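Peer 1: I have a structure here, written as structure tokens, and I will follow up with some questions on it.
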Amino acid sequence: MKIPALVWLMLGILLTVVSYYLGDEFVLFFYAGLLIIALGVFKLILSYVFSPKETIIEKKAVQQKDHYSKCRHCNNITRKIDYYCSMCGKQLR
Ligand SMILES: [Zn+2]
């Protein structure tokens, strides 16, 4: 199950505010709320840092697929614009 970072943030804020008004007996919940807020912020940062990179890598992989193919004689990776394989010298198209 994947819980969005914003849900963690809201839950943490709610817990912190509620336990703050409930008083000293709920100080543990107050700190738990702060911890959940920290977790939410951490998750937000993680998703912010990692998601753009992943899409760039995916785009690159797609681009490489578009421009490269394999020689059917020796399995060497060739460019689609190549007419002859650079490895075995056989005709590609
Ligand atoms: Zn070849």
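Computed from the coordinates by the stated procedures, all read-outs in this text should not be read as laboratory data. All values reported here derive from a predicted model rather than from experimental measurement. Cβ: placed from backbone, ideal geometry, glycine included. Neighbour counts: every protein chain shown.
Peer 1: Which value in nm describes the separation of the simple spin-label points at K60 and R93, placed 7 Å from the Cα toward the beta carbon?
Peer 2: About 2.7 nm separates the two model spin labels.
Peer 1: Starting from the Cα of F50, move 7 Å in the Cα-to-Cβ direction to define the label point; list residues of the stretch 1-19 whose amide nitrogen is under 19 Å from there.
Peer 2: Counting backbone N atoms under 19 Å from the label point, the list is 1-9.
Peer 1: Rounding to the nearest 10 and keeping the result within 0 to 90°, find how far the Cα-based axis of helix 5-22 lies from the longest principal axis of the chain.
Peer 2: 10
Peer 1: Treating only the Cβ atoms of Lys and Arg (+1) and Asp and Glu (-1) as charged, compute the dipole magnitude of the chain about its Cα centre; round to the nearest 20 debye. All intermediate terms of the calculation are to be shown ahead of the outcome.
Peer 2: Numbers: 12 positive and 6 negative charges, 243 e Å.
Dipole of the chain, to the nearest 20 debye: 1160 debye.
Peer 1: Which length gain, in nm to one decimal place, applies between K2 and N76 when the Cα-Cα distance is subtracted from 0.36 nm times their residue separation? Can you show the working numbers first?
Peer 2: On the way: separation 74, 0.36 × 74 = 26.64 nm, distance 4.14 nm.
Here the segment from K2 to N76 would lengthen by 22.5 nm.
Peer 1: Just want the answer: with Cβ charges of +1 for Lys and Arg and -1 for Asp and Glu, which residue in C74, G23, L39 is farthest toward the dipole's positive end in the chain?
Peer 2: Most positive-ward Cα: C74.
Peer 1: Okay, moving on. Out of residues 5 or more away from Y84 or on other chains, whose amide H comes under 5 Å of its own, with H placed 1.01 Å from N in the peptide plane?
Peer 2: Those lying under 5 Å, H to H, from Y84 are L92.
Peer 1: Can you bin every Cα-Cα distance in the stretch 5-79 into 5 Å intervals starting at zero and give me the percent of pairs per bin, rounded to whole numbers?
Peer 2: With a bin width of 5 Å, the distribution comes to 4, 15, 13, 11, 9, 7, 7, 6, 6, 6, 5, 4, 4, 3, 1, 0.
Peer 1: Here is a further query. For helix 27-67, what angle does its Cα long axis make with the longest principal axis of the chain, in degrees from 0 to 90 and rounded to 10?
Peer 2: Its long axis makes an angle of about 10 degrees.
Peer 1: Between S86 and F42, what's the calculated FRET efficiency when r is the beta-carbon distance and R0 is 41 Å? Round to 0.05.
Peer 2: Working: r = 48 Å, r/R0 = 1.17.
So, using R0 = 41 Å, E works out to roughly 0.30.
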